[in-house]
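Note sheet for the following structure.
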Amino acid sequence: MSATTSHMPAVPEAAELRADARHNRDRIVEVARELFAVRGLDVPMAAIARHAGVGVATLYRRFPTKESLVTEVFADQFGECVSVVDDALADPDPWRGFCAAIEKICTMQAVDRGFSTAFVAAFPDAVDIGHERDRAIRGFAELTRRAQAAGRLRADFVPDDLPLLLMANCGVITASGEAAPAASRRLAAYLLSAFRAEQAGPLPPPAPLTLHDILNSTGAATR
């Protein structure tokens, strides 16, 4: 064996290994995003690995838990959700801001079934997700207060009505297939019309719902 060949590396260089690891990680995230969007969060990790063309061991090396994978997949959407509420709060017209937030959140839910479940899922170790979610919820509560103070949102709208709205939207999305975005927009328009303070009739007492009830209704698992 010549001196030249004796010094050739027997294994790929570190840079090549890092590039391969990055490719696998990016591929896992891309496939998980696609599957979560269509099927929700209860897609088995083994199915994600299979569709990504990697071994299950490789997937778990990159993402030890489904929670960590969901956190990575939906990081941008959580930021976008907060931005939607922030933009609505910045609108000088409280009712217009309230309506815009409802419409955009329903659209996000229709476009990506996984995100709406991720938003309400309990991820005790995902500090960033919890912070973003809580910030969005607090912002929506302030939107509600402002719209009611302006006399535009019916006075009996309560925080429990938000999960009720999202559950209704989730049901429409699940049942309407490819027409889900259009059906969701139609539902949101109907509901916003009903939320107007003008000529608001009496309602039954609010249902004791929380955002976690949406998670239970979808049957999605994060394990």
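Key figures for this structure:
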item	result
Per-peptide average of other Cβ atoms within 10 Å, ordering 180-189, 100-109, 62-71, 194-203 highest first	100-109, 62-71, 180-189, 194-203
Relative contact order computed over segment 26-76 (Cα-Cα under 8 Å; 6+ residues apart), in percent	42
Summed side-chain charge close to GLY151 - residues other than GLY151 whose Cβ falls under 13 Å, Lys, Arg +1, Asp, Glu -1	+3
Carbon plus sulfur fraction of accessible area for segment 58-108, probe 1.4 Å, in percent	52
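The values are calculated or read from the model by the stated rules, or taken from the named source; none is laboratory data. Note that this is a predicted model, so its numbers are computed, not measured. Glycine also receives a Cβ, built like all others from the backbone with ideal geometry; neighbour counts cover every protein chain displayed. Accessible surface areas use protein heavy atoms only, side chains included; no ligands, DNA or RNA. Shrake-Rupley method; radii C 1.70, N 1.55, O 1.52, S 1.80 Å.
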